[in-house]
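Visitor: Sharing a structure below in structure tokens format, with a few things to ask.
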Amino acid sequence: MKRRTIARVIVLNALFQMELTGINAIDAEENALYSIDDEVLEALFPEFKKKKKRILEEKIKIQEYLSEPEFRAFITMVISGVIRQSKEFDKKIESKLINWDYNRVGKVEKNILKIALFEMFYVDDIPYSVSIDQAVTLAGIFSAGDAGKFVNGILGAIYEEEIADGGEQKET
């Protein structure tokens, strides 16, 4: 399992807690660091269903990740970056909605979009395609219906308008 996939799940959980309950970023991050349970792992990796040994192995890996300063620093950076750039990201997302009110976009989808946008605009070592793909994957797992397509459409439109036209390329 990829460290950053798990990190994104933790970030999503923390942002959702903050939005839903009003909890502060530090407490939300601390709560979210230990929130990966069997249900989340089975959603991330359907092939793990009924393979308790494999789930246990992944939980051990996650505990190892949590002891890595770089892993924790990435989580903190993304949470604080999304919070700091939230209004900017709201505008970018809203500008791409067609016949849809921004207030009707689900909290999970908004947070997934904001995580991806933060990575796309502020994290140099993550290729755009990875940020978009991971966002679509998270939407498919943690949202209902066609959320993955919705997330892909919004991120793709922002990429095409603000990044692709500029010719800017990230290192892979």
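The values are calculated or read from the model by the stated rules, or taken from the named source; none is laboratory data. Quick caveat: nothing in here was measured; it's all calculated off a predicted structure. Every residue, glycine as well, gets a Cβ built from its backbone with ideal geometry; the counts of neighbours run over all protein chains shown. The protein model used for the area step is the full one, side chains on, heavy atoms only, and it has no ligands, DNA or RNA in it. Shrake-Rupley method; radii C 1.70, N 1.55, O 1.52, S 1.80 Å.
Visitor: Which residues, taken from segment 31-89, are closer than 19 Å to Asn13 by Cα and of a type in the set (Phe, Trp, Tyr)?
Guide: Tyr34, Phe45, Tyr65, Phe71, Phe74, Phe89
Visitor: So is Ile75 within 13 Å of Ile6 (Cα to Cα), modelled with pLDDT of 85 or more and under 14 Å from the mean Cα position of the chain (by Cα) or not?
Guide: Taking the combined requirement at face value, the residue satisfies it.
Visitor: What are the residues in segment 112-142 that are hydroxyl-bearing (Ser, Thr, Tyr) and over 11 Å from Gly156 (Cβ atoms), if any?
Guide: Tyr122, Ser131, Thr137
Visitor: Name the residues in segment 139-148 that are open to solvent by 30 Å² or more (accessible area, probe 1.4 Å) and part of a loop (DSSP other than H, G, I, E, B), would you?
Guide: Answer for segment 139-148, where residues must be open to solvent by 30 Å² or more (accessible area, probe 1.4 Å) and part of a loop (DSSP other than H, G, I, E, B): Ala144, Gly145, Asp146.
Visitor: Pull up segment 1-51, narrow it to residues that are within 19 Å of Glu64 (Cα to Cα) and hydroxyl-bearing (Ser, Thr, Tyr), then point me to the one that is most open to solvent (accessible area, probe 1.4 Å).
Guide: That would be Tyr34.
Visitor: Oh, and also: If a residue must be without any contact (Cβ under 8 Å) to a residue 40 or more places away in the chain and either touching an Asp or Glu at 6+ places or on another chain (Cβ under 7 Å) or polar (S, T, N, Q) (or both), how many such residues does segment 96-134 contain?
Guide: The number of residues fulfilling the criteria is 5.
Visitor: Within segment 116-125, identify whether any single residue is open to solvent by less than 60 Å² (accessible area, probe 1.4 Å), within 20 Å of Ile36 (Cα to Cα) and touching a Lys or Arg at 6+ places or on another chain (Cβ under 8 Å), and answer yes or no.
Guide: The answer is no, given that none of the residues of segment 116-125 is open to solvent by less than 60 Å² (accessible area, probe 1.4 Å), within 20 Å of Ile36 (Cα to Cα) and touching a Lys or Arg at 6+ places or on another chain (Cβ under 8 Å).
Visitor: Mind checking which residues of segment 102-125 are closer than 18 Å to Val78 by Cβ, β-branched (Val, Ile, Thr) and either within 12 Å of the chain's Cα centre (by Cα) or at pLDDT below 95 (or both)?
Guide: Within segment 102-125, Val108, Ile112, Ile115 qualify.
Visitor: Additional query: Go through (1) in a helix (DSSP H, G or I); (2) open to solvent by less than 80 Å² (accessible area, probe 1.4 Å) for Asn103 and report which single condition fails.
Guide: (2)
Visitor: Hey, among Val136, Val78, Val82, Val151, which residue is open to solvent by 30 Å² or more (accessible area, probe 1.4 Å), part of a helix (DSSP H, G or I) and not polar (S, T, N, Q)?
Guide: Val136
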